[in-house]
1. Quick check on my filter: what residues within the range B:328-344 are crowded, with 18+ Cβ neighbours inside 10 Å and more than 28 Å from B:Ile418 (Cβ to Cβ)?
2. Out of all the residues in the range A:31-45, which are small (Gly, Ala, Ser), under 12 Å from B:Phe158 (Cβ atoms) and more than 10 Å from chain B (Cβ to nearest Cβ)?
3. Yes or no: the range A:224-244 includes at least one residue that is at pLDDT 95 or above, over 13 Å from the mean Cα position of the chain (by Cα) and not in a helix (DSSP H, G or I).
4. For B:Thr140, only one of the following conditions fails: (1) in a helix (DSSP H, G or I); (2) farther than 26 Å from B:Val34 by Cα; (3) among the β-branched types (Val, Ile, Thr). What is its number?
5. Considering only residues that are of a type outside the set (A, V, I, L, M) and surrounded by fewer than 20 Cβ atoms within 10 Å (Cβ to Cβ), which ones fall in the range B:436-455?
6. From the list B:Ala202, B:Ala159, which one is within 21 Å of B:Thr325 (Cβ to Cβ) and either within 10 Å of chain A (Cβ to nearest Cβ) or of a type in the set (D, E, K, R) (or both)?
7. For the range B:96-113, state whether one or more residues are farther than 26 Å from B:Thr221 by Cβ, among the hydrophobic types (A, V, I, L, M, F, W, C), in a helix (DSSP H, G or I) and away from chain A (no Cβ under 13 Å).
Amino acid sequence: MAHADNSYYIPHGSHWPLTGSIGLFGIMIGASIWLNGSGIGPLVLSIGFAVLLFMIFGWFRLVINESEGGQYNSEVDTSFRMGMGWFIFSEVMFFAAFFGALFYARGIAVPWLGGDSNNFFTNELLWNNFTATWPTNGPDDLGGKFETLGPWGIPALNTAILLTSGITLTIAHHALQKGSRGILSMFLAATFILGFIFMGFQAYEYIHAYQELNLTMESGIYGSTFFLLTGFHGLHVTIGATMLVVIWLRCLRGHFKPDHHFAFEAVAWYWHFVDVVWLFLFIFVYWL
Amino acid sequence: MSDSTHDDHDTKPTGLKRWLFTTNHKDIGTLYLVTSLIMFFVGGSMAMMIRLELFQPGLQFIDPQFFNSLVTVHALVMVFGAVMPAFVGLANWMIPMMIGAPDMALPRLNNWSFWLLPFAFTLLILTFFLPGGAPAGGWTLYPPLVLQTGDSFPFLVFAVHLLGASSIMGAINIIVTIMNMRAPGMTLMKMPMFVWTWLITAYLLIAVMPVLAGAVTMLLTDRFFGTSFFNAAGGGDPVLFQHVFWFFGHPEVYIMILPSFGVISQIVPAFSRKPLFGFSSMVYATASIAFLSFIVWAHHMFTTGMPIAGQLYFMLGTMLIAIPTGVKIFNWLATMWKGELTFETPMLFAIGFILMFAIGGFSGLMMAIVPVDYQYHDTYFIVAHFHYTLVPGSVFALMGAAYYWLPKWTGYYYNEKIGQWHFWTSAVFVNVLFFPQHFLGLAGMPRRIPDYPTQFADFNMVSSIGGFLFGASQLLFVWAVISSVKGKQKAPAKAWEGAEGLEWTLPSPAPYHSFNTPPKVD
């Protein structure tokens with residue numbers, strides 16, 4: 001039943017949230033006992049992950065069917081938009097924690113270990129002969145000598161790829177608003193293909209770093225910040241590209257209208273967010 | 001499409017499914033409130049064990065490692081299990097009614113944010129039964145100490161992740177509800193203070209809970225994956241954790257107090273039969289406190305070492321917070337001035353809050369002074385300080401809120417006599433419990449130890465007696481709640497003579513869906 005715009009819409013109860021909690025609980029128990037050395041950890045983790053995937057499929061299918069059934073009025077649409085915006089803000093703050101760690105290490109921790117500020121004796125007595133430089137794996141040379149990935153090879157190429165994907169996505173969005181479905185699905189496909197190419201390059205770089213440059217997560221503070229920042233970014237690109245595939249499939253099925261396509265815009269915002277994070281990564285992790 | 005696709009406006013599902021699958025803000029609010037009360041007693045019983053061990057010098061009942069676990073988990077349970085969910089429960093129950101909405105904006109997300117909590121606390125409480133025991137490094141999780149936790153370490157980290165996810169979802173829902181679901185005519189500056197304070201609190205939550213998630217993630221990778229965020233040998237710094245943690249932790253303390261300010265700003269005008277003295281100054285004061293909370297975090301770290309300019313900045317910044325807080329306190333006092341005051345239980349808790357939160361505020365001001373903080377840091381003085389802000393602060397506000405709105409929730413008044421007893425026993429014993437801890441701290445007794453020199457014996461015994469009696473007094477609250485649920489005296493729509501706001505235009509108990517069509521607000 002379509003709701004008139006002047007009354008409120010309340011969705012019916014659902015078991016999906018609880019299912020999701022059970023899945024997350026399984027993942028966390030599994031990961032915990034695995035980290036503690038239990039052999040059944042991976043199994044429990046996989047079961048939890050399967051339950052979570054089941055939830056994601058089920059909950060989104062429910063919402064998509066309700067949306068396509070015309071149940072969501074403009075007020076629901078606004079709530080979804082605001083919710084997605086604030087969710088992305090929470091993601092920004094998550095990355096801020098890791099960028100904060102990077103800036104603190106480069107601006108404060110490493111110089112202090114090298115005797116800066118009033119830390120002359122720290123350097124003299126505890127970490128003698130350590131000179132503050134960046135990149136560094138610390139005064140104890142943790143993980144051994146390593147080399148870094150320069151910015152102007154694959155990282156610059158990846159920057160171009162992600163920026164291009166932002167453009168193709170915008171072209172797809174304009175096509176959706178004009179009702180040009182062919183252009184829409186073509187440019188949407190181009191977007192996620194660029195996303196997967198980006199991920200392919202990142203995977204290649206990781207292998208290169210581990211096997212030839214001896215740059216690993218154990219390479220002191222440089223390796224720590226490098227792999228956690230690029231790793232969480234890569235995870236977000238993977239999630240974003242997967243979401244792009246989903247809305248592409250929905251486009252092929254004729255979903256979305258020129259004036260009613262919240263899911264498309266939510267994924268587009270997310271993709272642009274991932275893009276902007278990459279620009280910061282490129283500047284502060286690879287380049288400067 | 002048939003009606004079965006959404007709840008009909010007057011029917012509600014029955015049995016267990018109603019609570020597991022609910023999308024109703026009142027059901028979810030009730031789940032939050034009941035859970036937080038249970039966790040209040042779980043955390044409270046840990047506090048009782050702590051006070052039992054500290055009753056006399058020497059080790060009598062529990063071993064030091066378990067004592068440290070109790071201190072750590074007591075804090076985590078009270079912060080994340082009792083105070084925060086209780087305020088989210090109040091937000092769920094009251095915000096839709098106060099702004100003229102039928103429900104929260106994202107009801108299924110609302111369900112999920114609650115149903116993460118029982119799993120998170122299962123993970124956390126489970127750690128007591130693991131090899132190495134529950135986390136014992138303090139709720140602030142400082143490395144390198146916390147990295148020595150036994151098998152419970154990953155459980156701790158993931159429990160914090162779940163609690164954070166729950167808080168973020170709850171906060172998103174609250175902001176969206178307030179921004180998108182207000183009745184026509186309910187402009188921002190007409191919103192009740194409780195709604196205003198929650199709007200700002202929710203913003204704080206979304207801004208800082210992800211930072212905590214990042215901090216504990218770095219702990220996890222340092223422990224298991226060889227990273228060196230907090231390891232100086234690799235170029236990292238344990239102090240980095242303290243910065244990241246307190247960037248979360250300082251706004252977090254305002255997350256636990258701003259909604260209390262909102263509650264007090266509802267109760268005081270109602271029982272003074274006067275509008276709030278200065279509404280807009282209260283809004284601006286709340287926003288100022290929230291803003292300042294982001295830029296003062298390192299006052300928790302004066303003794304860890306930082307450049308003198310940093311110490312000065314964080315000292316002066318922290319003292320600035322006294323200004324908007326003073327605006328609030330005087331606002332409440334001016335509201336009461338020449339009002340027609342009556343002293344029902346909610347009002348008693350509100351007045352108790354104003355007096356005793358001020359004590360906590362003043363001791364905070366003392367510790368903002370860097371050279372003085374060197375003396376107080378990690379002593380019982382800080383324990384007394386934050387317990388004054390959290391117990392006769394946040395918890396009294398929560399109790400007052402419960403008494404104030406219980407007639408709206410159940411349709412019946414609670415037993416006023418029990419409420420009065422609950423307040424007076426709580427107010428007396430909370431001071432017997434925490435006031436001597438100021439003296440202990442000033443005399444140099446460190447926090448987080450199970451044993452102490454005999455010079456501290458007298459005040460510790462007084463504090464413990466106060467603690468046991470305060471704990472016992474809280475059973476009166478359960479009695480009062482039951483007296484309202486099984487009530488005798490029916491409450492009218494407007495349960496309190498001086499109460500203002502849309503929630504009092506709805507019948508008591510409030511209907512399952514608050515407003516089916518938007519009310520008109522002038």
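The values are calculated or read from the model by the stated rules, or taken from the named source; none is laboratory data. All of these numbers come straight from a predicted model, not from anything done at the bench. So basically every Cβ, Gly included, is an ideal-geometry build from the backbone, and we count neighbours across all protein chains shown.
1. B:Lys328, B:Ile329, B:Asn331
2. The answer is none; no residue qualifies.
3. no
4. Every listed condition holds for B:Thr140 apart from (1).
5. Hits for the range B:436-455 are B:Phe439, B:Gly444, B:Pro446, B:Arg447, B:Arg448, B:Asp451, B:Tyr452, B:Pro453, B:Thr454, B:Gln455.
6. Going through B:Ala202, B:Ala159 in turn, the sole match is B:Ala202.
7. Yes, that holds for at least one residue.
Conditions tested, residue by residue: (1) within 10 Å of chain B (Cβ to nearest Cβ); (2) in contact (Cβ under 8 Å) with a residue 12 or more places away in the chain.
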site	(1), (2)
A:Met55	yes, yes
A:Trp59	yes, yes
A:Ile64	no, yes
A:Asn73	no, yes
A:Gly83	yes, no
A:Phe94	yes, yes
A:Gly100	yes, no
A:Val110	yes, yes
